[in-house]
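The values are calculated or read from the model by the stated rules, or taken from the named source; none is laboratory data. All values derive from a computational prediction rather than experimental measurement. Every residue, glycine as well, gets a Cβ built from its backbone with ideal geometry; the counts of neighbours run over all protein chains shown. We work out accessible area using only protein heavy atoms, side chains counted, and drop any ligands, DNA or RNA first. Shrake-Rupley method; radii C 1.70, N 1.55, O 1.52, S 1.80 Å.
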Amino acid sequence: MIEGMIINLAMIVAFPFLFWQLMGRITGESPLSKRRSALHIQLLSGALTGALGVILMSFSINVTSEVIIDLRHIAILIPALFFGIPATLTAAAIIALARILLFGSWTAVSITAGVGMIAIGVACGLISLLPMKQISKSLMMNVTSIGILTFIFYLTLAVFENEASLFISTSIVHAALSFTAGMAACYFSNHMFYHSELLANLKESNSQLKLLLKGFNAAVLVESPEGKVSLMNDKFKDLIGIKEYPPGEQGQHLHRQAETMFTSKEDYMKTVRRTRAARTPVTNEVLYHEDGRVFERDYAPIYTENNFFSGHLWSYRDVTEQKEMERRLRESKLRYASLFKHNQSATFSLDSKGNLTDFNEAAEQMSGFSSEELLGAPLRRLIRPAQRLKTQQHFAKILQGKSTTFESEIINRRGDLIQLNVNAAPIILDGRVIGIVGVAHDITEEKKWQQMLEESENLYRSLSNIDGLTGIPNRRSYDETLEREWRQAYRNGKPISMIMLDIDHFKSYNDTYGHLEGDECLRIISSTLEGALHRPSDFIARYGGEEFSVILPQTDRDGAKTVANSLHSSVVELGLPHESSLCMPYVTISLGVATAIPKTEDGYEELAQAADQALYEAKRNGRNTVHIHEKSTIQ
C-alpha cells in the first residue's frame, strides 16, 4: 500500500510540471494567462487533468488483498481550483467514461463509480465559484469529494458486493489517503502554477522591456546591483560607439567609454560612483558632448514591489534642440520684457478674462497705481463707468482675433479723468487667443485742444452766419437755410412758404433821427419779428439793409398769411415814432408772401423771386400791408 501511495503522490506532484510544459507547447501561452477562460483552453486543461485521473486509476493502491482504491478524484480538484467549470466537467466526464469502459464495463459498480465522478465534478465546479480563498476552496472540495466517495464505497461494498464489514475500514483508509493526497496536490499545483506564471510574466516583461527600450527616444543602460550589464538599447550602443556588449559584463567599462565623449571628464566617473552608492534618483543632469550636442542624464534605482533593490537604470537623452529652443525662448522673453518695461507709452497685457497680467512703469505713472496693486485685478476697475461697456465690446472683438484701435477713459488714483487712445492686439498661442496686449497713449491734452478748436470753429461759424448789427442770421445763413429747407420739402412733398418784408420809408427815418437811431430801430424790429415766430423751425434773417426774410417750412398759403399778419401787427404795436413816414406816424412794415410745393431740388430761387414780387406789390399798394403772391402755390 505504501509503495502505491508513493507512486500516486509522485505522479500528482509531477503532473503540474508536465501540464505546464504541454499547455505551453500546444497553445503557445501560459495556461494561467488572461485567456485561460477561453473554451479551448478550458477543454484542453480538462482533457489533460482527465488523463491524469485515468493514469491514477491505472496505479491503484492495494488496501487489502480484496480491496483496492485510487486517487482519481484529485484530477478533478485541480481544474476546479485553477480553471473553471468546463475544465472540471471535462475531466470528470473523461474519468467517468474511463472507469466504465476501461475498468469494469457496464456493471452497476462501474456505473455508480462513474456517476460519482460526475457528482464530484459538479460539486467542485460550483465550489470554485464561491468568493473564498484558495486554501478554503481546496479544503471544501476535498471534504466534499471524500463525502461523495464514501457514499460510493457504501453502495459498492455494502449494497452491491454485500461486504459491509469492509466498508468502515476501507472508508477510513481512503479518507485519510485522499485528504492527504488532495491537500498535497493542491499545494504543489498552486506552488508550481504560481512560480511558473511568475517566470512567464518575467519573460514577457523582459521581452516588452526590450521592445520598449528599442523604440525609446533615449539611450538606456540597465545594470545589476553589482554594476554588471543587464540590458541596453541600440541608442546607448550608438552613443558610446559599440555594436554588442555581452550581458553580465561590468558596466564600468561602458561608463569609462562614455566619459571620453563628454566634457568635464574629471567629474564624470566620480558622479557615476557617487550616484550608484547613493541609490537616489537623479534627473536632468546636463552633459556636454564633444561634438557640441547637449545631453541630459537620468538615474533611477530599480526596486521590486517588496522594496528589494534589483539594479541601476541610466538614461541619456539628446536635448540639443530642446536647449536651443529654451535659449531662444529666454532671449525672446528678455526682448519682450525689455520692450515692455522700457516702453515710454503705457503698456499692459490682459488674460482672456480681462484681468491684468502685466503693467509697465509708464502705465504705473499714468494710473498712479503700482503693478503690485493691479496685477490680477480686472482692468475695468480703472475704466470710467460710462466707458466700460464700449471698452468691453472692443476687447471682445480683440479676443476673436482682431486687432483694433479705440478711445477710452480711465480714472487715476487722484480721481483725474484721463482720455486714452488704445492700440490693442490678441495674444495667440497654438492658434488660440489667450489674452490681449495693448499700448495706451494719454490724449487728454490733445482732446482739450481739439475741443477748444471745435468750439472756436463753431463760434466762427456762428459769427459768420449772424448779422453783426441785429444779432439774427444774416444773408449767408439765409441762403444755406433756404436751400436746405427747400430740398427737405422736396423729399417730403410738403409745402414751404417765404415772407419778404421791408421797413416802410426807412431812409426817411435815418434822415430824420440819424443813423444811430436807425440802427437801434433795426435791432428793435429784428428782435420783435424773431419773437413773433413761435415754431423752432421758423427762420428769420436780415436780407439786407432794412429788408428781412422769413422761411416757414411745412407751411401752406393760409398759414403763411397768418404768420405775416402776426408779424405786421407785432411791429405796429411797438408804436415806434416815424414823423417822416408817408404811411403812419409810427414805424410800419410791408410784407410779401409766397408758397410752393417743390417739384425739383433746385427751384428755391423761384420762391424767393415770388416773395420779392409780392413785397413789391405790397409797396405799390400803399405799403403797411400784407400781399399774397397771385399764384396760390408755386410749383
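Once the 1.4 Å probe is applied to the protein heavy atoms, region 236-293 comes out at 63 Å² accessible per residue. Stretching Leu43 away from Cys583 to a fully extended chain increases their span by 180.3 nm, per 0.36 nm per residue minus the current alpha-carbon distance. Projecting label points 7 angstrom from Cα along Cα→Cβ for Leu22 and Trp106 puts them 2.9 nm apart. Model label points for Val143 and Glu372, set 7 angstrom from Cα along the Cα-to-Cβ axis, are 7.8 nm apart. Residue order by solvent-accessible surface for Met117, Met232, Met132 is Met132, Met232, Met117, largest first, with ligands and nucleic acids left out and a 1.4 Å probe. To put it simply, the accessible area of region 377-515 at a 1.4 Å probe is 50 percent carbon and sulfur. The heavy atoms of Glu226 offer some 130 square angstrom of accessible surface to a 1.4 angstrom probe.
Indicate the gyration tensor shape class of region 81-161 (rounded, prolate or oblate), computed on the Cα atoms with a ≥ b ≥ c the square roots of the eigenvalues: a/c under 1.5 is rounded; otherwise a/b larger than b/c is prolate and the rest oblate. Judged from the Cα gyration tensor, region 81-161 comes out oblate (a/c at least 1.5, b/c at or above a/b). The calculated FRET efficiency for Leu329 paired with Leu453, based on their beta-carbon distance and R0 = 56 Å, is about 0.70. Could you tell me whether region 234-295 comes out rounded, prolate or oblate from its Cα gyration tensor? Rule is a ≥ b ≥ c as square roots of the eigenvalues, rounded for a/c under 1.5, then prolate if a/b exceeds b/c, otherwise oblate. In terms of gyration-tensor shape, oblate.
Computed 3J(HN,Hα) for region 117-129, one whole-Hz value per residue from the Karplus formula 6.51 cos²θ - 1.76 cosθ + 1.60 where θ = phi - 60°, is 5, 4, 4, 5, x, 5, 4, 5, x, 5, 5, 5, 7, glycine and proline marked x.
Please give every one of the aspartates and glutamates within straight-line cross-link reach of Lys323, meaning a C-alpha to C-alpha distance under 14 Å, and leave out same-chain neighbours fewer than 8 residues apart. The reachable aspartates and glutamates, counting only those whose Cα sits under 14 Å from Lys323, are Glu285, Glu296, Glu331.
Let's test this: bin the Cα-Cα distances of region 239-397 at 10 Å from zero up to the farthest pair and state each bin's percent. The distribution over region 239-397 is 8, 23, 19, 12, 15, 15, 8, 1, 0, given as percents. Given a 1.4 Å probe and the protein chains as shown, Val626 ends up with an accessible area of around 40 Å². Cα-Cα over 22 Å: which of Lys599/Lys631; Lys494/Lys631; Lys402/Lys447? From Lys599/Lys631; Lys494/Lys631; Lys402/Lys447, over 22 Å: Lys402/Lys447. Think of a 1.4 Å ball rolled over the protein heavy atoms: region 370-419 then has 61 Å² of accessible area per residue.
Cross-link partners for Lys397 among the aspartates and glutamates, with Cα-Cα distance under 20 Å and sequence neighbours closer than 8 places in the same chain left out: Asp351, Glu407, Glu409, Asp430. With a 1.4 Å probe rolled over the protein heavy atoms of all chains, the accessible area of Ser352, Ser110, Ser464 falls in the order Ser352, Ser464, Ser110, largest first. Each residue of region 510-516 was assigned a 3J(HN,Hα) from its phi angle through the Karplus expression (A = 6.51, B = -1.76, C = 1.60, θ = phi - 60°), giving 5, 5, 7, 9, x, 5, 5 Hz with x at Gly and Pro. Here Arg279 sits with roughly 100 square angstrom of accessible surface, probe radius 1.4 Å. Note on surface exposure: Ile302, Ile6, Ile503 rank Ile6, Ile302, Ile503 by accessible area, highest first, 1.4 Å probe.
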